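Notes to accompany the following structure.
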Amino acid sequence: MIGNLRNHWSYTVQEIWEPLLSHTNAPEDLFIALFDAVERHLGVETPAVLYEQIRNDPVTALVEFENLKGTDFKSESSIAQFIEDAYPVIEDYGVSGYGEKFKSLLRTFITKYNLRYRLDDPFELRFLLPGSFANLYNDLRRINATSPTLVSLMSDFEYAFNQFSRTLTQADLKTCIAKASNYAEGLASFTNGNPTAGNTLGALCNLMNTWPHDKVKESIVNLYHFCSDYPGLRHGGSPIGVRRGLSNEDPILVSILLFAFSGYLTTNLNKQEVLGA
């Protein structure tokens with residue numbers, strides 16, 4: 001699973017900040033400067049008396065900084081912004097190799113905990129698309145919790161995907177795609193089910209107003225038609241339109257497309273959570 005900074009902030013003490021402090025030429029007032037940089041990114045303002053102590057005592061600054069929790073920050077993006085702000089603070093001390101050490105520690109931290117970022121030079125944390133897709137998948141699981149049917153459909157897909165990844169058989173490949181399309185159809189039905197209009201994904205898509213453009217709607221409808229028409233997926237199907245046999249990449253790519261499109265099949269998506277802000 002791809003992680004975020006907020007849930008892994010507590011590990012930064014031993015993975016980043018303490019190694020910086022242990023540097024041979026570490027500045028005595030480093031954490032005074034770092035706390036001054038972090039203060040503006042916290043959700044609650046530090047009491048004035050305590051803040052004054054922090055700004056005048058390196059030990060107090062270190063203790064208070066190391067006691068910070070991920071939930072003390074305003075948001076995930078606030079943590080990322082603070083880390084970017086910390087780099088010039090560290091560089092301004094002029095200690096040879098200190099900024100590079102910070103970069104190295106941060107890159108190791110990102111890799112170790114599989115975080116959704118990449119550190120680019122000179123010093124910029126980039127939020128990557130895989131992180132948003134992981135957030136989308138997690139938010140769909142949150143939505144599923146309100147419907148036993150959706151929980152079951154997601155569980156069926158996850159079982160099928162796991163089974164296919166182990167066997168790589170055509171039968172499990174087709175089951176995997178079918179279960180992904182079943183979930184998308186089930187989510188659309190849960191959102192806007194209408195027995196009189198039909199509960200197929202194609203019919204349900206025509207009832208929804210979440211589409212930014214007709215062509216986006218047509219894309220998922222066509223993907224659903226592929227799942228319905230390709231022989232042996234959801235139905236017997238038809239060989240008309242088939243260009244090749246299914247390969248191992250197809251259940252991966254089609255499933256990703258179906259789950260990505262599922263963001264349009266619900267009105268309960270937490271957009272900020274998906275973005276990771």
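Taken residue by residue, region 23-36 has no member that is more than 28 Å from the chain's Cα centre (by Cα), in a helix (DSSP H, G or I) and surrounded by fewer than 15 Cβ atoms within 10 Å (Cβ to Cβ). Inside region 225-235, residues that are within 30 Å of the chain's Cα centre (by Cα) and under 15 Å from LEU253 (Cβ atoms) make up a count of 3. Out of everything in region 5-22 that is closer than 13 Å to PHE65 by Cα and not aromatic (Phe, Trp, Tyr), what residue ends up being farthest from the chain's Cα centre (by Cα)? Taking the candidates together, the pick is LEU21.
One residue is enough: does region 193-213 have a residue meeting the conditions crowded, with 21+ Cβ neighbours inside 10 Å, at pLDDT below 95 and under 23 Å from the mean Cα position of the chain (by Cα)? No: region 193-213 contains no residue that is crowded, with 21+ Cβ neighbours inside 10 Å, at pLDDT below 95 and under 23 Å from the mean Cα position of the chain (by Cα). The single residue among THR175, THR167, THR146 that is surrounded by fewer than 13 Cβ atoms within 10 Å (Cβ to Cβ) and at pLDDT 95 or above turns out to be THR167. Just one residue in the set TYR11, TYR51 is closer than 22 Å to ASN114 by Cα, in the same structural domain as ARG107 (by TED's automatic domain parsing) and among the aromatic types (Phe, Trp, Tyr); that residue is TYR11.
Just checking, how many residues over region 40-89 are within 29 Å of the chain's Cα centre (by Cα) and not aliphatic (A, V, I, L, M)? Looking only at that region, the number is 23.
In region 243-259, of all residues being of a type in the set (A, V, I, L, M, F, W, C) and surrounded by 13 or more Cβ atoms within 10 Å (Cβ to Cβ), the one that is farthest from ALA180 (Cα to Cα) corresponds to LEU246. Residues in region 41-55 that are assigned to a helix (DSSP H, G or I) and touching a helix residue (DSSP H, G or I) at 6+ places or on another chain (Cβ under 8 Å) were compared, and the one that is surrounded by the most Cβ atoms within 10 Å (Cβ to Cβ) is ILE54. The residue list ASP121, ASP92 contains one member that is under 27 Å from the mean Cα position of the chain (by Cα), in the same structural domain as THR12 (by TED's automatic domain parsing) and over 20 Å from TYR11 (Cβ atoms), which is ASP121. Evaluation of SER78 against the conditions (1) under 27 Å from GLY276 (Cβ atoms); (2) in a loop (DSSP other than H, G, I, E, B) shows that the sole unmet condition is (2).
Could you check, for region 130-142, whether at least one of its residues is of a type outside the set (A, V, I, L, M), over 15 Å from ALA260 (Cα atoms) and touching a residue at least 40 places away in the same chain (Cβ under 8 Å)? For region 130-142, residues of a type outside the set (A, V, I, L, M), over 15 Å from ALA260 (Cα atoms) and touching a residue at least 40 places away in the same chain (Cβ under 8 Å): present.
Looking at region 6-15, can you tell me whether even one residue there is closer than 25 Å to ASP139 by Cβ, of a type in the set (A, V, I, L, M) and surrounded by fewer than 17 Cβ atoms within 10 Å (Cβ to Cβ)? No, there is no match, as no residue in region 6-15 is closer than 25 Å to ASP139 by Cβ, of a type in the set (A, V, I, L, M) and surrounded by fewer than 17 Cβ atoms within 10 Å (Cβ to Cβ).
The values are calculated or read from the model by the stated rules, or taken from the named source; none is laboratory data. Note that the structure is predicted; figures quoted are calculated from it, not measured. Heads up, the Cβs are rebuilt from the backbone with ideal geometry, glycines too, and the neighbour counts pull from every protein chain shown.
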